[in-house]
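Below is one structure; the comments refer to it alone.
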Amino acid sequence: MRKLVRETQLSPDDFVMPYFVRPGKGVRQPIASMPGQFQFSVDELVKEARGLAKTGVGSLILFGIPASKDAKGSGGWAKNGIVQQAVRALKDALPELVVITDVCMCEYTDHGHCGILKGREVDNDATLPILQKIAVSHAEAGADVVAPSGMMDGVVAALRSALPKATILSYAAKYASAFYGPFRQAAESAPSFGDRQAYQMDVANADEAVREIDLDLREGADIIMVKPALAYLDIIRRAKEKFGCPMAAYNVSGEYAMIKAAGERGWIDEKKVILEVLTSIKRAGSDFILTYFARGAAQWIT
Ligand code: PBG
């Protein structure tokens, strides 16, 4: 009876699996802050993605760790950059897989900020042409979706003009959250000074999220994202009700690490908590979820 009236069902179709890709061959390097997650070289990533596809998950998002970093983040748009190589290899091996790329500078800059610096401040408008170059290089490599994550003002319009036909997944309401800590270790992208509060949103604001999402949709975003997920379920619900547009939520690294840590100690039933969390994010209104649990959860629910 409960099954007959259940409102929310999880399916592998709901998940996008994030991966970190780095140079080298045969590399499968564990990420200390995210037990069970790895930095992969391109060859290992292709193997991993084959396994992912077998679980029924049809999509992944890529983050790159370049061989070297500089002030302009030039590794981000290099034709043979690490993400570009990974996209080509994945689309070659698994053409049906939806490959999303994260479009941001923080993994490629030596200072770790998400844009070009002027003094100690991020120069929003000087960053836009660079993000265009990154997105175009990803699309040329074969990416199906580009996902700008740096919260620069006007980035969706900039990408839309550079790529009229691309699918843009905008990190529209991205909060200046402490939940990204483990990711910054995984992507080697922690800012070397200051924080990201000048470009990411104030945790306390919800009306502002609605305005940010509205702007991104007007600028031409196809799908909007709320990030993190769990502490922002109210934002997901409000946005879904107000805009009714395709929506994603990012179940981020800190949300993953907390569950893994408590699970390892036997303090929670890890599997049950994961499925409860993912169900709640979907129930709140997210059509799909970017989650490091994607592969495991897909296996449990099918
Ligand atoms: C890049 C980016 C970040 C995340 C996704 N894209 C880090 C940040 O903004 O510092 C975080 C993802 C996670 O914590 O799982 N700007």
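The values are calculated or read from the model by the stated rules, or taken from the named source; none is laboratory data. On a predicted model such as this, the values are computed, not experimentally measured, just so you know. Here the Cβ positions follow ideal geometry from the backbone for every residue, glycine too, while neighbour counts run over all protein chains shown.
Given the options Tyr175, Tyr171, name the one that is crowded, with 16+ Cβ neighbours inside 10 Å, near the ligand (Cβ under 9 Å from one of its atoms), within 23 Å of Pro246 (Cβ to Cβ) and modelled with pLDDT of 95 or more.
On the way: Tyr175 fails: near the ligand (Cβ under 9 Å from one of its atoms).
Criteria check complete, one pass: Tyr171.
Check off (1) more than 19 Å from the chain's Cα centre (by Cα); (2) under 22 Å from Gly76 (Cβ atoms) for Val16 and give me the number that stays unchecked.
So the condition that Val16 fails would be (1).
Pick from the stretch 29-58 the residues that are within 16 Å of the ligand (Cβ to nearest atom) and touching a residue at least 24 places away in the same chain (Cβ under 8 Å): which of them is farthest from Glu255 (Cα to Cα)?
Within the stretch 29-58, the match that is farthest from Glu255 (Cα to Cα) is Gln39.
State whether the residues of the stretch 78-101 include one that is part of a loop (DSSP other than H, G, I, E, B) and within 14 Å of the ligand (Cβ to nearest atom).
Looking through the stretch 78-101, none of the residues is part of a loop (DSSP other than H, G, I, E, B) and within 14 Å of the ligand (Cβ to nearest atom).
Might you check whether a residue that is farther than 30 Å from Gln29 by Cα, free of Cβ contacts under 8 Å to residues at least 24 places away in the same chain and not in a loop (DSSP other than H, G, I, E, B) occurs anywhere in the stretch 218-240?
yes
Tell me yes or no: at least one residue of the stretch 274-281 is more than 16 Å from the ligand (Cβ to nearest atom) and of a type in the set (S, T, N, Q). It would help to see each step written out before you state the result.
Keep residues of the stretch 274-281 that are more than 16 Å from the ligand (Cβ to nearest atom), which gives 275-276, 279-280.
With the extra rule that they be of a type in the set (S, T, N, Q), the set shrinks to 279-280.
Within the stretch 274-281 (the criterion being more than 16 Å from the ligand (Cβ to nearest atom) and of a type in the set (S, T, N, Q)), the answer is yes, since at least one residue qualifies.
Residues of the stretch 268-302 being free of Cβ contacts under 8 Å to residues at least 24 places away in the same chain and either among the basic types (Lys, Arg) or in a loop (DSSP other than H, G, I, E, B) (or both), which ones?
Within the stretch 268-302, Ile268, Asp269, Lys272 qualify.
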